[in-house]
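Here the structure comes first, spelled out in structure tokens, and everything after it is commentary.
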């Protein structure tokens, strides 16, 4: 197999991996955002048990929905960077909240999984979905 064919195959798998993990993050953010805005009873109970005010759900839900849209939209690399940062802060903040309050510590594993998926999506994103591509800086 030629070097070009090998690079092409790796790039294709990287692209598939990117879209798989990104869709998982987008679905979780989108559904979670809708649940937050609707103040679904389960989510409201969770947020109250963690010590947050219920109005925080609407704010968090709007941010999650905007982040999900940003991750799917073409271009807008800088906005995507903010969306990744926001998702990372949401998941890691939830981890700390669960650990410090002792509430549903078993959920920490799921939160760690979504943190890892967010990092994987960020790391696998193609150059046209980055804030500043490597080609602009002369790196290959």
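Quick check on residue 26: is it loosely packed, with under 14 Cβ neighbours inside 10 Å and either closer than 23 Å to residue 12 by Cα or modelled with pLDDT of 95 or more (or both)?
No.
Got a sec? Which helices (runs of 4 or more DSSP H) wholly within segment 1-100 have at least 2 residues that are in contact with a strand residue (DSSP E or B) (Cβ under 8 Å, 6 or more places away or on another chain)?
No helices (runs of 4 or more DSSP H) qualify here.
Of the numbered conditions (1) farther than 21 Å from residue 34 by Cα; (2) touching a residue at least 12 places away in the same chain (Cβ under 8 Å); (3) assigned to a helix (DSSP H, G or I), residue 103 fails exactly one; give the number of that condition.
Residue 103 satisfies all of (1) farther than 21 Å from residue 34 by Cα; (2) touching a residue at least 12 places away in the same chain (Cβ under 8 Å); (3) assigned to a helix (DSSP H, G or I) except (3).
Each row is one residue, and each column tells you yes or no for (1) closer than 25 Å to residue 132 by Cβ; (2) under 18 Å from the mean Cα position of the chain (by Cα); (3) loosely packed, with under 13 Cβ neighbours inside 10 Å.
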position	(1), (2), (3)
42	no, no, yes
60	no, yes, no
65	no, yes, no
105	no, no, yes
113	no, yes, no
119	yes, yes, no
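Restricting to segment 29-42, count the residues that are modelled with pLDDT of 95 or more and farther than 21 Å from residue 82 by Cβ.
5
Just one of the numbered conditions (1) surrounded by 14 or more Cβ atoms within 10 Å (Cβ to Cβ); (2) free of Cβ contacts under 8 Å to residues at least 12 places away in the same chain; (3) more than 22 Å from residue 132 (Cα to Cα) is not true of residue 76; which one?
For residue 76, the exception is condition (3).
For residue 127, all conditions in the list (1) without any contact (Cβ under 8 Å) to a residue 24 or more places away in the chain; (2) closer than 18 Å to residue 24 by Cα hold save one; what is the number of the exception?
(2)
The values are calculated or read from the model by the stated rules, or taken from the named source; none is laboratory data. Remember, predicted model here, so these are calculated numbers, not experimental data. So basically every Cβ, Gly included, is an ideal-geometry build from the backbone, and we count neighbours across all protein chains shown.
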